[in-house]
Amino acid sequence: MSESAAETPADVFTAKGPASQDKPTRFFRRLARKPLAIAATAWLVAVSAAAVLAPWLAPADPLAQDLLAVKQTPSQAHLLGTDAFGRDVLSRLVYGAWPTILGIAEAVLIACALGFVLGLAAGYFGRWLDRAITQLVDLLLALPGLVILLSILAVFNRDMTVAMVTLGIMGSAGIARVARSATLNVRNELYIDAARISGLGDAAIIVRHVVPRIIGPLIVQLSLFAATAVLAQTGISFLGLGVQPPAPTWGGMVYEASQTITDDPWLLAPSGGAIALTVLAFGLLGDSARDAAAEGWTRGTRRGRRPAPSPRPTPSPRPTPGPTPATAAASPTAVLSVRGLTIVADGDTGERVLVDGMDLDLEQGQTLGIVGESGSGKTLTSLAIMGLLPPGTRATAGTMVLEGARYNLARPETLRRLRGSTLGMIFQEPMAALDPCFTIEHHLLEVLRHHGKAPRSQAKARAIELLELVRIPDPKDVARRYPHQISGGMAQRVGIARSLAANPRVLLADEPTTALDVTVQAEILDLLRDLSEAESMAVILVTHDWGVVADSCDRALVLYHGETLESATVEQIFSAPQHPYTKALLRANPHNAAVGQPLPTIQDSLRELLDDHDKETVA
Amino acid sequence: MLKLILHRLALSVPLLFVVTFLTFLLNALSPGDLAQTILQGQGTPAQVAALRHQIGLDQPLIVQYAAWAGHALHGDLGSSAYTGEQVWDLVVGRMGVTLSIMVGVLIVCLLAGVSLGILSALKGGAIGRVIDVLSLGGLVFPSFWVALVFISFFAVTLQWFPATGYTPFADDPGMWLAGLVLPVLAAGLHSITSVAKQTRDSMSDVMGRDFIRALRATGLPTSTIVVKHALRNASLPLVTVLGLVMVAAITGTVFVEKVFVLPGLGSLAVDATQKFDIYVLQGVTLFFTVLTILINLIVDLSYGWLNPKVRVS
């Protein structure tokens, strides 16, 4: 059985279900803890009780006219006032609850029973039955609902019950969809196969395993459908097509209010309020049920997930005596210098420092590698230089000297005019960096035209030149394509071409080859190196790969949890690493691993090194 | 692309037959019948039988349906049992009112809904809360009730707009527009807020995607990024919601036409229902079914047009 139908929101909704079974009792217990669900249920119970007990609850006869007390506003005698015939509005409201509640019950029962059976059958038995039911459901969903109801009402002489049953049949389509996708999910679980092999029949499997799992989504869908049913039932009464006056109905009371709207607008409030509160109650119930069901899923997935690594898994490496780190003054020859860059994340417990007082210098035409583990802050550093830190993080300090001008990195808005023209950037996921709705040519053209103000024809020619520059074969053909029609390596070349469009002085490359195949990686790195030489452009290369550093970089900077541990030429780093962490990181390079031995990890290497280091210092 | 259009059309034709045949079937199942309705229960059995034969009610159902469908294909939808007017003429004559309201709802959704949604996605805060409150209101208060509150406040108290009635565009464009403001807002309140909410959600989603950051890195102005790139990408789910709200607006227009006493197809359908004027009701049902099919078709097509993955492959 293949699941090939288009993904609907309901599919997505139920697809999040955990492998473990969420018992309906647990779902209802969670639901019962939600105050809004309780309030909504209380209102619905109250309205239902009023509907049934109207003869005992209502203060007056709903049909008793009193022409001496017409159109009164609320008073002690008439808590909600009186209508144009002096009838007590509260009593009419209480009596009028019955047809609405009855109508909802009819529609919801039909929709639930029919939708449940259809969805279950389609999802569980599949094949031709699934196709037939899916067709039927699509058909029902495409019907113009109210117009169909009008036809039914005409034919069946304004019979409200027939109308609400019809509404239920039309509403069963939505229920069936939810039930079908939920059943499909359950059906594909291994334990269902196991149950079948152990001899459990279809009926038993459905009752024991399928039904409990789809209760949650079903309650959500039913609540929302009930809200629709309230609006439909009151709407039909409003149009005078259901229960006939003078019998009280909520919709009919709105109609009566409309007849005296100029001199007694108050009359709109009680009936409208009752309808709105009832719709609201069903809506809130649906929302709470959705939350309660979702909590079950997140709990299920959380149980299955590995424990999150603690923020500092290893003892913090101590700084080593040795060459002092970069000096405080900006390098006079550097094209780009950063001093004291500090990046923090705003969390519930206050600020957390992600990058701490970082300095870096980038010489003209050179490539600087920023190396570190995931989460060391290397990507954030490059984003901070661009002024593009993600929401929730910000630079609190840091100055940048770029081509002689000073910038405050804590004020990202001042960096905007540097982007594209002076600073270019390429990203880790080349495909995700392109807008799927526009062609490759368009991506290049809009940058060229924004920065260059060149006429269109000239910009087009330049776009092709750029694609040639990044060694794309058949650039004219590629220019016409959309991002989804090119490969990842090609997309990264396009990204590079775009970042070169306005001739930046510095290119920031954030793990530009991580997402690519090994062979493509080498090509992209070659390209970057050649471009850097040809255009005398300085490059910052963010990476976790020592091979990339050795091949492409002139200098390297080692980051650990936001702290700069070492900054030196590549030769120095590889031949005589100063910091124990650098040594550990180098030792964890998988390229040096011995065949047949487990891959070294940074944890092992670091522990070993620190032990050695301790021994040395003790000795 | 052409294949997509043909495929969709092929799917919608059966729907048309199902809906019209269903109304026919109901007609046959109904307790009363057209002959008795026309004679208003006064005729002798012989008279009823004669009339039944005259309008073909004694034929098998499938023959009757084939006859009706054959005529319908030539634009002949029968005539009203009461006034004798041609259903086709009735539908065409009243179409303008209903379509004016629906187009009005669409325009307000696109202008107010989309811009509120963008603002709330970018600025958040107060605008977002206003949208939430309005959309809750649009959800829980039925359109006929909202319409009455609008009349009470904007027409009776403030007297900004006419309370009821319709002025044809040809007579007085200004009055035509003024008369449409309240019906459009009442029929569209829920649609506008649905669109605003969808715009907000899709825009926040798109603004967080990688390519937006990559575009910002190229130095393009924020306005270009938001309007050209983010909105274009956000429009894909938005189109689906626009289709849904337009189908829902059919229901809305039936109610507001009744409340504002507008001579459109919605009020025609309600009157026909009350009087069991079956051919008129069938004609209106046919119109609204075709309209629903068209809306869904336009949604599918614009989805394909907006999404290069569908368009190019």
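Here, each number is a calculation from the coordinates, and none is a lab measurement. Everything numeric in this text was worked out from a predicted model, so none of it was measured. Positions of Cβ are generated from backbone atoms using ideal geometry, with glycine treated the same way; all protein chains shown enter the neighbour counts.
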Computed helical MRE - 222 nm, chain B, DSSP H runs ≥ 4 contributing -39500 (n - 2.57), nearest 500: -24500 deg cm²/dmol
Using a 10 Å cut-off around each Cβ, can you sort A:Glu468, A:Glu413, A:Glu533 from fewest to most neighbouring Cβ atoms? A:Glu413, A:Glu533, A:Glu468
Helix B:87-108 versus the longest principal axis of chain B: what is the Cα-based angle in degrees, 0 to 90, to the nearest 10? 20
In straight Cα distance, which aspartates and glutamates are under 19 Å from A:Lys34, not counting same-chain residues fewer than 8 positions off? A:Asp22, A:Asp287, A:Asp291, A:Glu295
Give the order of A:Lys378, B:Lys228, B:Lys3, B:Lys197 when sorted by the count of other beta carbons within 10 angstrom, beginning with the fewest. B:Lys3, B:Lys228, B:Lys197, A:Lys378
Rounded to the nearest 0.05, what FRET efficiency do A:Ala247 and A:Ala195 give with R0 = 51 Å and r taken as the Cβ-Cβ distance? Could you check? 0.45
Could you give the Stokes-Einstein D for the protein assembly as shown in µm² per second, using the C-alpha Kirkwood radius, 10 °C, 1.306 mPa s? 48
Shielding of A:421-433 by other chains, given as the mean Cβ count within 10 Å, works out to 3
Among DSSP beta bridges whose residues both lie in the protein assembly as shown, state the antiparallel percentage, nearest 5. 60
Lysine pairs in chain B with alpha-carbon atoms under 30 Å apart, 8 or more places apart or on different chains: how many are there? 9
Which cross-chain or sequence-distant (5 or more) residues have an amide H under 5 Å from the amide H of A:Arg87, H modelled 1.01 Å from N in plane? A:Asp66
Students often forget the sequence filter, so: which aspartates and glutamates lie under 19 Å Cα-Cα from A:Lys460 once same-chain residues fewer than 8 apart are removed? A:Asp435, A:Glu441, A:Glu446, A:Glu468, A:Asp474, A:Asp477
Computed over chain B: longest principal axis from alpha-carbon atoms vs helix B:126-140 long axis, angle to nearest 10 degrees, is 20
Given a Förster distance of 60 Å, report the FRET efficiency between A:Ala64 and B:Lys123 from their Cβ-Cβ distance, rounded to the nearest 0.05. 0.60
Volume per residue of the C-alpha convex hull in the range B:196-240, rounded to whole Å³: 57
Long-range amide H partners of A:Leu354 with built H, under 5 Å: A:Ile343, A:Val344, A:Ala345
For a footprinting-style exposure proxy, rank A:Trp128, B:Trp68, B:Trp160 by other Cβ within 10 Å, fewest first. A:Trp128, B:Trp160, B:Trp68
Relative to the longest principal axis of chain A, what angle (0 to 90°, nearest 10) does the C-alpha long axis of helix A:440-452 take? 70
